[in-house]
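The values are calculated or read from the model by the stated rules, or taken from the named source; none is laboratory data. Since the model is a prediction, treat every value here as computed from it, not as a measurement. Please note: Cβ atoms are built from the backbone with ideal geometry, for glycine as well, and neighbour counts cover all protein chains shown. Side chains are part of the model used for accessible areas, which takes the heavy atoms of the whole protein and leaves out ligands, DNA and RNA. Shrake-Rupley method; radii C 1.70, N 1.55, O 1.52, S 1.80 Å.
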Amino acid sequence: MRPLQLSPETAVELAKKLNVPLEELMHMPKHILVQKMMQLEASQTEEETPKETD
């Protein structure tokens, strides 16, 4: 399997956001990366959504 085709800046930013080492990110299967990105997006959306109070 060849490394992901990402720019260096994108790879560093994704590694920080996903809290994974850069080397692990570059050799991560694409479907796993997409899954982790979706989880990150869901958690960020959850944090930004205001809680309803009665």
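Side notes on the structure shown:
- Complete set of residues in the stretch 27-38 that are in a helix (DSSP H, G or I) and open to solvent by 60 Å² or more (accessible area, probe 1.4 Å): LYS30, HIS31, VAL34, GLN35, LYS36, MET37, MET38
- Criterion: open to solvent by 70 Å² or more (accessible area, probe 1.4 Å), modelled with pLDDT under 85, among the acidic types (Asp, Glu) and assigned to a helix (DSSP H, G or I) - qualifying residue of GLU24, GLU41, GLU46, GLU13: GLU46
- Tabulated pairs, the stretch 4-32, first without any contact (Cβ under 8 Å) to a residue 40 or more places away in the chain, second not aliphatic (A, V, I, L, M), C-beta under 7 angstrom, 6+ apart or interchain: LEU4/LYS30; ALA15/PRO21; LEU18/LYS36; MET26/PRO3; HIS27/PRO3
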